[in-house]
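Q: Take this structure, written in structure tokens, and hold onto it; I'll ask about it next.
The values are calculated or read from the model by the stated rules, or taken from the named source; none is laboratory data. All values reported here derive from a predicted model rather than from experimental measurement. So basically every Cβ, Gly included, is an ideal-geometry build from the backbone, and we count neighbours across all protein chains shown.
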């Protein structure tokens, strides 16, 4: 599907874009990948990595700017929407700005993709959109709903929209692994709560889930990758086994456990070997055989959270991953 196509990635200079772009160039050999983002310095740095690849284009712009999106989407076949204001405290202190990017930006992109004849759009979501307790999560829930409903909004147009949702990306900039690694020599690691658990997913797995969504989607699905969980205390043991663990308390807007599927979504959720799929509650799409395919409906009241997970990452597995990715951790 993506072979010989033109793909635009909003927020393409972020962690996801740095992994999605080289993997997609190698696997699908697209005609063109356009990086659409607002930070010229990040684009300049990224362009140097691909300076010999004539398939790459860089387009300064903001998803808040509808006219700029229309220009950037000319001739584009597929879009990956990764642009977001996503730091929880930043969103709490700058709520209007978070809404402008995560909600208004989603609306702009949906309109522009429909009008420009884009074939398919996959938007990146987050565990924080499931039963949200902070503004960032609430805006991403709204964004998810917008992209799901975009399939009705497009009417007779062919544009399809779907969403992928996953949790903590291992080793990404600002996440817990590079943070613990940066202070491990101080002798003490701050633990918000010893009961806390988190989902663990690599960027490669996130990219593969997006690829699967493009291949599988009819429109309106939310894809949730099956991934292992880990206790934060076990993660700390791997990174700094000799360090003391000091409990500092949960921060405002933070959950004790990550959740990607809530009980309210269980009625519309189907299970597959490597992922779950939440189907749209509108237009009877949750009963559409083309969307269900070979899925099995999950039990009533099903919740997919990091504490009730059936798959757990061992300390040995995490250590092996860190050893294999040491030079890249925290870079993007």
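Q: Is there a residue in segment 173-192 that is under 30 Å from residue 118 (Cβ atoms) and surrounded by fewer than 20 Cβ atoms within 10 Å (Cβ to Cβ)?
A: Yes, segment 173-192 has at least one match.
Q: Related question: Restricting to segment 130-168, name every residue that is in a loop (DSSP other than H, G, I, E, B) and more than 24 Å from residue 91 (Cα to Cα).
A: Across segment 130-168, the qualifying residues are 154, 155, 156, 157, 158, 159.
Q: Return a yes/no flag: does segment 24-34 have any residue that is in contact with a strand residue (DSSP E or B) (Cβ under 8 Å, 6 or more places away or on another chain), buried (at least 17 other Cβ atoms within 10 Å of the Cβ) and either in contact (Cβ under 8 Å) with a residue 60 or more places away in the chain or assigned to a helix (DSSP H, G or I) (or both).
A: There is at least one residue in segment 24-34 that is in contact with a strand residue (DSSP E or B) (Cβ under 8 Å, 6 or more places away or on another chain), buried (at least 17 other Cβ atoms within 10 Å of the Cβ) and either in contact (Cβ under 8 Å) with a residue 60 or more places away in the chain or assigned to a helix (DSSP H, G or I) (or both).
Q: Filter segment 37-96 for residues that are modelled with pLDDT under 95, assigned to a loop (DSSP other than H, G, I, E, B) and surrounded by fewer than 13 Cβ atoms within 10 Å (Cβ to Cβ) and give the result.
A: 51, 52
Q: Out of 242, 271, 316, report the one residue that is modelled with pLDDT of 95 or more and exposed (fewer than 13 other Cβ atoms within 10 Å of the Cβ).
A: Matching residue, one of 242, 271, 316: 316.
Q: Here are 171, 219: which of them is touching a residue at least 24 places away in the same chain (Cβ under 8 Å), under 30 Å from residue 100 (Cβ atoms) and either within 17 Å of the chain's Cα centre (by Cα) or part of a helix (DSSP H, G or I) (or both)?
A: From the options 171, 219, the qualifying one is 171.
Okay, residues lined up against (1) within 26 Å of residue 109 (Cα to Cα); (2) at pLDDT 95 or above; (3) in contact with a helix residue (DSSP H, G or I) (Cβ under 6 Å, 6 or more places away or on another chain); (4) surrounded by fewer than 22 Cβ atoms within 10 Å (Cβ to Cβ):
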{"position": "212", "(1), (2), (3), (4)": "yes, yes, no, yes"}
{"position": "222", "(1), (2), (3), (4)": "yes, yes, no, no"}
{"position": "253", "(1), (2), (3), (4)": "no, no, yes, yes"}
{"position": "260", "(1), (2), (3), (4)": "yes, yes, yes, no"}
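Q: Take segment 228-251 and flag every residue that is in contact with a helix residue (DSSP H, G or I) (Cβ under 7 Å, 6 or more places away or on another chain) and in a loop (DSSP other than H, G, I, E, B).
A: Correct list: 240, 243.
Q: Of (1) in contact (Cβ under 8 Å) with a residue 60 or more places away in the chain; (2) under 18 Å from residue 129 (Cβ atoms), residue 239 satisfies all except one. Which?
A: Tallying (1) in contact (Cβ under 8 Å) with a residue 60 or more places away in the chain; (2) under 18 Å from residue 129 (Cβ atoms), residue 239 fails exactly one: (2).
Q: So residue 203 clears everything in (1) modelled with pLDDT under 95; (2) closer than 20 Å to residue 266 by Cα except one condition, right? Which one?
A: All conditions are met except number (2).
Q: Still on this structure: If I go through segment 290-310 residue by residue, how many of them are under 30 Å from residue 17 (Cβ atoms), out of contact with any strand residue (DSSP E or B) (no Cβ under 7 Å at 6 or more places or on another chain) and part of a loop (DSSP other than H, G, I, E, B)?
A: Looking only at that region, the number is 1.
Q: Could you tell me whether any residue of segment 301-311 is closer than 30 Å to residue 152 by Cα and loosely packed, with under 14 Cβ neighbours inside 10 Å?
A: yes
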